[in-house]
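Data block below; observations after.
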Amino acid sequence: MKKVFLVVFLLGLLQLAIFAGNEPKEIACKVFAACDNSYELALNGKVVMSGKDWTKADSKLLKLRLGDILTVKCCDSGAAAGFALIGKVKNKPWIVTDKGSWRTYTPADINKWWEVPGETTPCQEASAPVGEVVSKKAGSNCAVIWGAGNPSYLLRTISEEDIK
Ligand SMILES: [Ca+2]
């Protein structure tokens, strides 16, 4: 009888271990960002970074998981316009602004601009010196991107591809 209990106990432990293994892994990512001219960056709907000076890149350590959604509200106030971001993990570039993995969208409610509607479209590459500012601070390269309007709304999802 004691053996049965032991087996049940061990199976329970195994199940716990498997469950723990399925928890989305948390990745510590140091994010460098700046926008010409100002931005707010939200992680899953909560603003975690913002800046108003494109000549200085901001940096912050964010803990990201599979399925997390980064949304950015970018505002321009004339001349060049663009947003640049480099997220590094263990000092290597991990998520970086580019035309391929970032999208743009039009929020249904501008007061809840971080809520992404069903339809998103590809963002466009922009030309603004803010890219060099962020690249210099992070020590690696990135593209400068923009959406369709002003403000522009940008989106990056942490996908399976990022985690593997
Ligand atoms: Ca500008």
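A few notes on this one:
- When residue 47 is tested against (1) under 18 Å from residue 162 (Cβ atoms); (2) away from the ligand (no atom under 16 Å from the Cβ); (3) touching a residue at least 12 places away in the same chain (Cβ under 8 Å), exactly one condition is not met: (1).
- Filter result for the condition that a residue is farther than 13 Å from residue 33 by Cα and over 11 Å from the mean Cα position of the chain (by Cα), over 82, 100: 100
- Pairs meeting the criteria (first residue in segment 110-132 and farther than 17 Å from residue 78 by Cα and touching a residue at least 12 places away in the same chain (Cβ under 8 Å), second residue among the polar types (S, T, N, Q) and part of a strand (DSSP E or B), beta carbons under 6 Å, at least 6 apart or on different chains) are 114/71; 121/104; 123/104.
- Subset tally (residues that are surrounded by fewer than 23 Cβ atoms within 10 Å (Cβ to Cβ) and either under 16 Å from the mean Cα position of the chain (by Cα) or modelled with pLDDT of 95 or more (or both)) for segment 136-148: 6
- Per-region count, segment 9-44, residues at pLDDT below 95 and either within 16 Å of the ligand (Cβ to nearest atom) or closer than 24 Å to residue 162 by Cβ (or both): 9
- Restricting segment 74-91 to residues that are within 6 Å of the ligand (Cβ to nearest atom) and not aliphatic (A, V, I, L, M), the residue that is modelled with the lowest pLDDT is 78.
- Boolean, residue 6 is over 25 Å from residue 164 (Cβ atoms), of a type outside the set (Val, Ile, Thr) and at pLDDT below 95: yes
The values are calculated or read from the model by the stated rules, or taken from the named source; none is laboratory data. Predicted model, so just to flag it, every value in this text is computed and none were measured. In this analysis, Cβ positions are derived from the backbone assuming ideal geometry, glycine residues included, and neighbour counts consider all displayed protein chains.
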